Amino acid sequence: MVNLRSTLGAAPQVLHTPNPMNWREIPMLRLLLALLAGIGLSRWDINVYAVAGAGALSLAALAWMNTRKTPFHQRIWPGVAVIASFSALGFLLAIAQQPKYQPSHLLHYGSAAQSATVVGRIQRIEDTGRKLRLQLQCQGVQPQTDTLLRQAEGGILAYLDIDAASRGLRPGDLLLFQTELRRPNPPANPDQFDYRAYLEGQGIYHQAFIGEGQWLWLGHQKTLLTLTAQWQDMALSTLRHHLPTPNEMAVGAALILGHKAALTDEVKNAYADTGAMHVLAVSGLHVGLVQLLLFFLLKRIPLSGRKWEITRTGLVIAGIWAFALITGASPSVLRAATMFSFLAVGQASRRSSSVYNTLAASAFVLLCANPNLISQVGFQLSYLAVLGIVYFQPRIYRLWLIKNRAGDYLWQLTAVALAAQLGTLPLSLYYFHQFPVYFILSGIIVVIAAGFILGGGLLLLLVQSIPLLGTGVGKMLYGLIWLANSGVFLVQGLPGGLMGGIHLSAAGAALLYLALLLGIAAARSRRAHWAMAALVALLLASALRAHRLYEASGQEALVVYQIYRHSAMDYFRGAEAWPIYDSQLELSKLGFAVEGHRLARSAEPMGSFLPAQGADVPPFVWGQDGFWFFNGLRLLLCSPETLPSSQAGPMPATDLVLLSHNPKVDLRELINQCKPRYIIADGSNPPWAAREWAAAAKKAQVPFLYTSESGAATITWQPELLVEAHFNTPEI
């Protein structure tokens, strides 16, 4: 039988899977849970000194209890003291990461946009095609209102015009630049991806746009990160030479080096739709394959003994970290390298070691170094996938014993795919809202291919300077990547391959995991009450979903979205969403703004209609000359194509006026004629026009919203008209 232990090249007796309820074998898990509890508490407004004092008292109590013999009935208290101490540690480590507790952080120089002179060192650099995207670590700042350059810290995401000078920039370069530091905007639409929170999780709180001639190169500091960037550039040049076609080059660079800038939307969609996207981000799968390859090669050396075993483990760990550095030292690969380093140490240990304890220890170290990792999707999915493989794969594999070697190998891969999917399914549905039906088929293709491609890519980098051998390995690598891409595109084209539009709430995901844990308890104990509890958890998750669908069936609302320089709305009627948007809006931009809210409302997008053209109007909506009636809501859409004319006669009273694409209209006259109860200007209008309309609306005492400042507007009219802004005031 092949499971995670043998897959990683370990001797079967080294790591074992204990009874999950045997806490003595997994002490690090207890400490990890305590640390996680403390990190979770840091999200609440709790007095720091109170927590620090509680932690100190717990340590003091623990030290006191260790000096005396504790009666058996009081032995719980040392454990309580340990848990309290590590919870306090987690709280304080997480608090220390928050900018308000860092006196020199950039946020203390003002949250509003302001011009400043900044000194920053490049951490990462990426060519987006139109601009260079730099991840900088601030070294100093001089606000426009100050005369001194002051020491400052904090991450900055900067965009720099591409020219001959900027193309020579590398990680480690120190730049002086004049810019306007801005906080990233919060999501302007309901249930939209929160890019601001994502950046803050990476330690980045400001954005900057640096124009040509507004920066100076101050010098370069050689660090390990700069060396890895140079290695990666050389490796990319080698791959470009041997992988001439765009798709093969993009997949090869992503899989071997973690370089994803060349991936096209076509390739991304194909791998995402088939559940194989993880293979394009260097992480646990790749590090595990490298560890397997190193163990395989080193075991061929005819040496034995304890010293060689320790040396071999050291070489494997060194190889893992060398691979992590060559692939750019991204957070995902560093996380995976740490995890597999702990596993390698556990495998080399003479004493029996629990894989759960080893995984808990690696997570504990990572979270101590960066408590924000707990909120990162990659961290969560990585550990859940490995836990799923460790626990479920051996049990799934034993369900079907195949004597044929090839069939047995495919069944092993299938068992791994099923086990990983069991561990990650609820969280994947919660984050990504889709389920790839043929994930087993695509998983077998990409896992087999990834091993050969990764090995072939590393071999190519070693022998590329040898003319005939380098050319041969390059052609072989190209063929492998072409076959992998062809297989993924073939799976994507199969009918019914993707179940999309799945909305699972956080409570629903938690209930599914609870049902999974209760099901495991039922299978291990063979007791009916655990099975009944698992069934109850599943029924509760189903009831939550049914309640959401019931609420959606009776909804009716109009949502005016905020999309820069464009106009877009959704008319929600029951479980249907009727999109209304201008013809110049790209579908990718529209989807980014609206898909999350449609999922949250459990509404399926129907055929769109364009009011300006009067095409494909649903039968329950009536409109003419810019006036539209949505089952009781009277809307005047005022755009250059649908300008109302007073010469056509008196205008009917309306509930809502929507100003779109900067119409040339006298708003005061329009208010006098239509008597609107609300006026909304969407993101297609310039700010100066919105200010003029706001003044006119204020004078007429009509509520006015400008979605570029207020965010999306949600209009409901049953039982009474109500307009709600996504956020009340603009945040700059």
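Go through the stretch 221-287 and tell me which helices (runs of 4 or more DSSP H), entirely inside it, have 2 or more residues that are within 13 Å of ASN485 (Cα to Cα) and under 24 Å from the mean Cα position of the chain (by Cα).
Values: elements: 224-242, 246-257, 265-273.
Ranges flagged: 246-257, 265-273.
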Q. Does LEU425 qualify as being on the phi < 0 side of the Ramachandran plot, buried (at least 18 other Cβ atoms within 10 Å of the Cβ) and assigned to a helix (DSSP H, G or I)?
A. yes
Q: Could you please tell me which pairs satisfy a Cβ distance under 8 Å, a separation of 6+ or placement on different chains, a first residue in the stretch 688-706 that is part of a strand (DSSP E or B), and a second residue that is of a type in the set (S, T, N, Q)?
A: TYR706/ASN685
Q) Does ILE671 qualify as being under 37 Å from the mean Cα position of the chain (by Cα), modelled with pLDDT of 90 or more and not in a loop (DSSP other than H, G, I, E, B)? A) no
(Q) Please count how many residues of the stretch 294-340 are in contact with a Gly (Cβ under 8 Å, 6 or more places away or on another chain), part of a helix (DSSP H, G or I) and among the polar types (S, T, N, Q). (A) 1
Q.
If ILE563 satisfies all but one of (1) closer than 28 Å to LEU427 by Cα; (2) buried (at least 18 other Cβ atoms within 10 Å of the Cβ), what's the number of the condition it fails?
A. (1)
**Q.** Pick from the stretch 469-521, criterion part of a helix (DSSP H, G or I) and in contact with a Lys or Arg (Cβ under 9 Å, 6 or more places away or on another chain), ranking: surrounded by the fewest Cβ atoms within 10 Å (Cβ to Cβ)
**A.** ALA521
Q) Among the listed residues LEU199, LEU181, LEU218, which satisfies the condition of being on the phi < 0 side of the Ramachandran plot and more than 29 Å from the chain's Cα centre (by Cα)? A) LEU218
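Against the condition buried (at least 18 other Cβ atoms within 10 Å of the Cβ) and farther than 30 Å from PHE592 by Cβ, how does GLN464 come out, does it pass?
Working: buried (at least 18 other Cβ atoms within 10 Å of the Cβ): yes; farther than 30 Å from PHE592 by Cβ: yes.
In short, yes.
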Q: Under 8 Å between Cβ atoms, at least 6 apart or on separate chains: pull out the pairs that start in the stretch 485-499 with a residue that is modelled with pLDDT of 90 or more and end on any residue that is among the hydroxyl-bearing types (Ser, Thr, Tyr) and in a loop (DSSP other than H, G, I, E, B).
A: VAL488/THR274; VAL491/THR274; VAL491/TYR438; GLN492/THR274; LEU494/TYR438
Q | Counted residues, the stretch 197-251 - those being surrounded by 13 or more Cβ atoms within 10 Å (Cβ to Cβ), in contact with a helix residue (DSSP H, G or I) (Cβ under 7 Å, 6 or more places away or on another chain) and modelled with pLDDT under 90 | A | 6
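What tally of residues in the stretch 522-534 results from selecting those that are without any contact (Cβ under 8 Å) to a residue 12 or more places away in the chain and surrounded by 14 or more Cβ atoms within 10 Å (Cβ to Cβ)?
Quick first cut of the stretch 522-534, residues without any contact (Cβ under 8 Å) to a residue 12 or more places away in the chain only: 523, 525-529, 532.
So of that shortlist, the ones also surrounded by 14 or more Cβ atoms within 10 Å (Cβ to Cβ) come out as none.
Final tally of qualifying residues: 0.
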Q. What are the pairs, 6+ residues apart or on separate chains, where a residue within the stretch 220-237 that is within 18 Å of SER166 (Cα to Cα) has its Cβ under 9 Å from a residue that is of a type in the set (Lys, Arg)?
A. HIS220/ARG170; GLN221/ARG121; THR226/ARG170; ALA229/ARG124; ALA229/ARG170; GLN230/ARG170; ASP233/ARG170
Q: Inspect the stretch 79-91 for any residue being modelled with pLDDT under 90, at negative phi, in a strand (DSSP E or B) and surrounded by 16 or more Cβ atoms within 10 Å (Cβ to Cβ) and give the result as yes or no.
A: no
Q. SER553 fails exactly one of the following numbered conditions: (1) over 30 Å from LEU636 (Cα atoms); (2) exposed (fewer than 14 other Cβ atoms within 10 Å of the Cβ). What is the number of that condition?
A. (1)
Q | Members of the stretch 583-605 that are in a loop (DSSP other than H, G, I, E, B), modelled with pLDDT of 85 or more and over 19 Å from LEU429 (Cα atoms) | A | GLN584, LEU585, GLU586
Q: Name the residue, out of ALA450, ALA415, that is free of Cβ contacts under 8 Å to residues at least 24 places away in the same chain, of a type in the set (Gly, Ala, Ser) and buried (at least 21 other Cβ atoms within 10 Å of the Cβ).
A: ALA415
Q) Does the stretch 535-550 hold any residues that are touching a residue at least 24 places away in the same chain (Cβ under 8 Å) and either within 18 Å of ALA575 (Cβ to Cβ) or of a type outside the set (Gly, Ala, Ser) (or both), and which are they? A) LEU538, LEU540, LEU544, ARG545, ARG548, LEU549
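The values are calculated or read from the model by the stated rules, or taken from the named source; none is laboratory data. What you see is a predicted model, and the numbers here were worked out from it, not measured in a lab. Don't worry about glycine lacking a Cβ; one is built from the backbone with ideal geometry, like all the others, and counts go over all protein chains shown.
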